[in-house]
Amino acid sequence: MRVQILSIIVILLFLIPVTSVAQDMAYPVEGDGIISFLKRWNRIDSTYFNEFIEINKDRLNDSYDLELGTVYLIPELLPGDVYPPLVSKDQPTDTKVFGKKHSNVPLRSNTLKDACFYIIAGHGGPDTGAITRIDGFELNEDEYAYDFALRLARSLMMDGATVYIIIQDPNDGIRDERILNNSSNETCMGQPIPKSQIDRLQQRVEKVNELYERDKDKYKYIRAIELHIDSRSPKERIDLFFYYADDPQSRLTSYTLRNEILNQYQQHQPGRGFVGNVSHRDLYVMRNLVVPNILLEIGNFQNNLDRERILNANNRQAIANWLLEGFLADYKRVITQ
Ligand SMILES: [Zn+2]
């Protein structure tokens, strides 16, 4: 018995240090330098380079050349990095639409790989939507709705979702300015946007329904979201208003999004109060889309405080991030049902 216990202890003593210091090692390949060696293991940040030199100092010569036949320690992954690296799937959206500065869309997770979104920026083309004036500039709703749409689309893609951007502008990517220039060259995925209101709405509905017909069996979760800026009396503050179409999933999605954003407000701006409202709305687009869909009105374009949320690019990004959190929560709700 004693011998047995002793041998177990000996075995444990032998195992513990080995497992606790176990670290990946690898041989370099022909032509490798430290950077290419690390890149193969998806260690790209310069922190890895410094760490590599530190942990391999016994094996490195003064010029830091790697020698074939020498095994090198691989630095441990930093939080958020993974090996093997995530591979972006083919997206129906050319990321050039986000503009030069934002066309790189790094994948940070595959959480939404079974989700598909149709993002519809309100208005566009000949239709400016609501108009407001500030410091001698005329601001158009469609430009701001589009910037929100792009930011949300890009965030969703970074978590692995398939995203269609239904209304697109070939010239305007994600913009960080407060005053967004007006243009009327938006298209409905390449098609010119008609002048008449009913044709215009019908065009985007048909586009989304046609895509949905093709996509509906490929994904576990599909949603359409239409983004607008509200326009009311200057005194009124609205924050975010969520409207759902006449089906239970649209309704549940609206509530999940609103609740998630409420959580975010409580975390980041406690005491500020949040006037997010959820209700049903019978609009042409919402009624005719066959996809579960919601419509979002972001702030009152005519109210000074609400407008700050719309004009400040950081605020636009924050809202996109919160909507992403909402969709992540809603996705989880649906797939765990
Ligand atoms: Zn609108």
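The values are calculated or read from the model by the stated rules, or taken from the named source; none is laboratory data. Because the structure is predicted, anything quoted here is derived from the model rather than measured. Backbone-built Cβ (ideal geometry, glycine too); neighbour counts: all protein chains shown. Ligands, DNA and RNA are stripped out before the accessible areas are found, and what is left, the full protein with its side chains, is counted by its heavy atoms. Shrake-Rupley method; radii C 1.70, N 1.55, O 1.52, S 1.80 Å.
Restricted to the stretch 139-168, and to residues that are of a type outside the set (A, V, I, L, M) and away from the ligand (no atom under 16 Å from the Cβ), which residue is nearest to LEU311 (Cα to Cα)? Once the filter is applied, the top-ranked residue is ARG151.
Let me confirm something: among ASN312, ASN277, ASN303, ASN259, which residue is open to solvent by 50 Å² or more (accessible area, probe 1.4 Å), out of contact with any strand residue (DSSP E or B) (no Cβ under 7 Å at 6 or more places or on another chain) and not aliphatic (A, V, I, L, M)?
Details: ASN312 fails: open to solvent by 50 Å² or more (accessible area, probe 1.4 Å); ASN277 fails: out of contact with any strand residue (DSSP E or B) (no Cβ under 7 Å at 6 or more places or on another chain); ASN303 fails: open to solvent by 50 Å² or more (accessible area, probe 1.4 Å).
So the residue among ASN312, ASN277, ASN303, ASN259 that is open to solvent by 50 Å² or more (accessible area, probe 1.4 Å), out of contact with any strand residue (DSSP E or B) (no Cβ under 7 Å at 6 or more places or on another chain) and not aliphatic (A, V, I, L, M) is ASN259.
How about the stretch 284-322: which of its residues are within 16 Å of the ligand (Cβ to nearest atom) and small (Gly, Ala, Ser)? Once the filter is applied, which keeps residues that are within 16 Å of the ligand (Cβ to nearest atom) and small (Gly, Ala, Ser), the stretch 284-322 yields only GLY299.
If you go through the stretch 25-46 and keep only what is open to solvent by 80 Å² or more (accessible area, probe 1.4 Å), within 12 Å of ARG59 (Cβ to Cβ) and not aliphatic (A, V, I, L, M), you end up with just TYR27.
When you look at LYS100, is it open to solvent by 60 Å² or more (accessible area, probe 1.4 Å), basic (Lys, Arg) and under 30 Å from GLY326 (Cβ atoms), yes or no? Answer is yes for this residue. The residue that is surrounded by the fewest Cβ atoms within 10 Å (Cβ to Cβ), counting only those in the stretch 210-235 that are within 16 Å of the ligand (Cβ to nearest atom) and not small (Gly, Ala, Ser), is ARG232. Cβ-Cβ distances below 9 Å connect the following pairs, each with a first residue in the stretch 99-119 that is free of Cβ contacts under 8 Å to residues at least 12 places away in the same chain, a second residue that is buried (at least 16 other Cβ atoms within 10 Å of the Cβ), and a separation of six or more residues or different chains: ASN104/THR95; ASN104/PHE98.
Scanning for something away from the ligand (no atom under 16 Å from the Cβ), under 21 Å from LEU240 (Cβ atoms) and basic (Lys, Arg), does the stretch 182-195 turn up at least one residue? No, the stretch 182-195 has no match at all. Scan the stretch 49-77 residue by residue and report those that are closer than 14 Å to GLN23 by Cα and either assigned by TED's automatic domain parsing to the domain that holds ASP159 or touching a residue at least 24 places away in the same chain (Cβ under 8 Å) (or both). Correct list: GLU51, ILE55, VAL71, TYR72, LEU73, ILE74, PRO75, GLU76, LEU77.
Going through SER155, SER183 one at a time, which residue ends up being modelled with pLDDT under 95 and either under 21 Å from PRO106 (Cα atoms) or open to solvent by less than 50 Å² (accessible area, probe 1.4 Å) (or both)? Let's see the steps before the verdict.
Details: SER155 fails: modelled with pLDDT under 95.
Result: SER183 is the single residue among SER155, SER183 that is modelled with pLDDT under 95 and either under 21 Å from PRO106 (Cα atoms) or open to solvent by less than 50 Å² (accessible area, probe 1.4 Å) (or both).
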